Amino acid sequence: MVAKVIFGRGSFNQLGEIIAPLRKNELAPFIFLVDDVFENKSSFSSKIPLLYSDQIIYISADEEPKTSQVDALVEEIILSTSNLPSGIIGIGGGTILDLAKAVSLLLTNNGSSEDFQGWDLIKNKGIYHLGIPTISGTGSEVSRTTVLTGPTKKLGINSDFTPFDQVILDPELTVGVPKNQWFYTGMDCYIHCIESLNGNFINSFSKSYGVTALKLCEEVFLNSLSHNESQDKLMMASWHGGMSISYSQVGVAHALSYGLSFLLGIKHGLGNCIVFDHLEGFYPEGVRVFKQMKAKHNVSFPKGVCANLSEKQFDIMIDVALSLEPLWENAVGKEWKTQITRSLLKDLYSKM
Ligand code: NAD
Ligand code: ZN
């Protein structure tokens, strides 16, 4: 679990106060990994409490995090400081939060980040890492994974050392999120809830978070809330949805979406939406409400993304999807291999 969290509009202003006691010495900087959407917003960057040799590294979130990107960032940080940093602070969406978590772990675990894609392969505690989401939905701020695309797979570094040491939840930071992106990332949370609550791994702990997150998502996407209330509630939904899947598992939409993202680079939130639209056979009620939300907000997704793919490309996506065994076991049961065939997945992908 995340050790410490503060929530509140304007709580970002407390960042300096929070990290001051954690500075090891003047030569051990804090490294701020920040979404480059904030790069020229002086009202934002002036609030980052830089001291001594602290650095801001602006990073584009146009593409999802890669293992090679994590390795390059770790090298850049090691070469630029004589001491290990005092901490890594990630400010952005799931992309930047996952990078911050991975960089913190790779600074204390020798090797390439691709060596650690999997479950519980990390042996050493990472350096202090603090996460500040600026868009709500992925639950990365609370989860025990950091999802990376490597040369052969898209898979998280799942470990007890992955969660942030501190999170600051300030809904005001989500103010500039474009509407479509708000929907895609918000639906990631909604889909986490549906897959967790309808899965075989569900338990009372996970359910309590999933039910709360689902109710918040329905309020945000089906009711007409005030702007502030909507921002606050979606941020809390993201947190609770992330908690729910951390103690259960995701399902069919995520398995298929990982395939889309690995082959075609389609980003997680949008990929989930493209897939989920076709999953009434697995999640009938969840998909019915999803379509209602989509219609209410007048959002559409690209069609025919798999229209011109070769057999080989279908095979790559199907291999990625089928490799995510815990997701299928959660969604379908221990005997999932008898039901989830390559031809079923090809049919589903062909519709997208
Ligand atoms: P993102 O971080 O990729 O950002 C999406 C877009 O929104 C980007 O263009 C970004 O610049 C922009 N943006 C973010 N905040 C903004 C703001 N306040 N104003 C204006 N623009 C803003 O989006 P995401 O959906 O949060 O993250 C997707 C990533 O999260 C994927 O890489 C996915 O694999 C990962 N993920 C991780 C977990 C986990 O548990 N670790 C769970 C789900 C998804
Ligand atoms: Zn997700």
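The values are calculated or read from the model by the stated rules, or taken from the named source; none is laboratory data. Just so it is clear, the model here is predicted, and its values are computed rather than measured. Cβ placement follows ideal geometry from the backbone for every residue including glycine, while neighbour counts extend to all protein chains displayed. The protein model used for the area step is the full one, side chains on, heavy atoms only, and it has no ligands, DNA or RNA in it. Shrake-Rupley method; radii C 1.70, N 1.55, O 1.52, S 1.80 Å.
Counting the residues of region 52-96 that are open to solvent by less than 30 Å² (accessible area, probe 1.4 Å), part of a strand (DSSP E or B) and within 16 Å of ligand 1 (Cβ to nearest atom) gives 7. Within the set 27, 51, the sole residue that is touching a Lys or Arg at 6+ places or on another chain (Cβ under 9 Å) and without any contact (Cβ under 8 Å) to a residue 60 or more places away in the chain turns out to be 51.
For region 214-224, the count of residues that are modelled with pLDDT of 95 or more, open to solvent by 10 Å² or more (accessible area, probe 1.4 Å) and touching a Cys at 6+ places or on another chain (Cβ under 8 Å) is at least one.
Scanning region 256-275 for residues that are open to solvent by less than 20 Å² (accessible area, probe 1.4 Å), touching a Phe, Trp or Tyr at 6+ places or on another chain (Cβ under 6 Å) and not β-branched (Val, Ile, Thr) returns 269, 273.
Mind listing whichever residues of region 166-194 are part of a loop (DSSP other than H, G, I, E, B) and within 15 Å of residue 94 (Cβ to Cβ)?
Residue satisfying the conditions is 177 alone.
In region 102-125, the condition of being open to solvent by less than 50 Å² (accessible area, probe 1.4 Å) and within 9 Å of ligand 1 (Cβ to nearest atom) is met by no residue.
Against the test of being without any contact (Cβ under 8 Å) to a residue 40 or more places away in the chain and over 23 Å from residue 288 (Cβ atoms), the options 143, 208 yield a single qualifying residue, 208. The set of residues from region 244-255 being surrounded by 24 or more Cβ atoms within 10 Å (Cβ to Cβ) and within 11 Å of ligand 1 (Cβ to nearest atom) comprises 245, 250, 254. In the set (1) out of contact with any helix residue (DSSP H, G or I) (no Cβ under 7 Å at 6 or more places or on another chain); (2) within 13 Å of ligand 2 (Cβ to nearest atom); (3) of a type in the set (S, T, N, Q), residue 136 fails one condition alone, (1).
Selection of first residues in region 214-226 that are touching a residue at least 40 places away in the same chain (Cβ under 8 Å) and of second residues that are among the basic types (Lys, Arg) and crowded, with 16+ Cβ neighbours inside 10 Å, restricted to Cβ pairs under 6 Å at least 6 apart or on distinct chains, gives an empty result. Each residue in region 16-51 was checked for being under 30 Å from residue 153 (Cβ atoms), within 16 Å of ligand 1 (Cβ to nearest atom) and surrounded by 16 or more Cβ atoms within 10 Å (Cβ to Cβ), and 5 pass. Residue count for region 288-307 satisfying the condition of being outside any helix (DSSP H, G or I) and under 21 Å from residue 344 (Cβ atoms): 5.
Which of the residues that make up region 128-144 are open to solvent by less than 30 Å² (accessible area, probe 1.4 Å) and either touching a Gly at 6+ places or on another chain (Cβ under 6 Å) or within 18 Å of residue 13 (Cβ to Cβ) (or both)?
130, 131, 132, 133, 134, 137, 139, 140, 141, 142, 143
Of everything in region 295-322, what is over 19 Å from residue 276 (Cα atoms), open to solvent by 60 Å² or more (accessible area, probe 1.4 Å) and polar (S, T, N, Q)? Give them in sequence order. Passing the criteria: 308, 313. Taking (1) open to solvent by 10 Å² or more (accessible area, probe 1.4 Å); (2) out of contact with any Phe, Trp or Tyr (no Cβ under 9 Å at 6 or more places or on another chain); (3) more than 16 Å from ligand 2 (Cβ to nearest atom) in turn, residue 197 satisfies each apart from (3).
Could you please let me know if residue 334 is outside any helix (DSSP H, G or I), assigned by TED's automatic domain parsing to the domain that holds residue 202 and either open to solvent by 30 Å² or more (accessible area, probe 1.4 Å) or not hydroxyl-bearing (Ser, Thr, Tyr) (or both)? So residue 334 fits the description; yes. Of everything listed in (1) assigned by TED's automatic domain parsing to the domain that holds residue 70; (2) near ligand 1 (Cβ under 10 Å from one of its atoms); (3) more than 12 Å from the chain's Cα centre (by Cα), the single unmet condition for residue 144 is (3). When region 151-163 is limited to residues that are outside any strand (DSSP E or B) and open to solvent by less than 10 Å² (accessible area, probe 1.4 Å), the one that is nearest to ligand 2 (Cβ to nearest atom) turns out to be 162.
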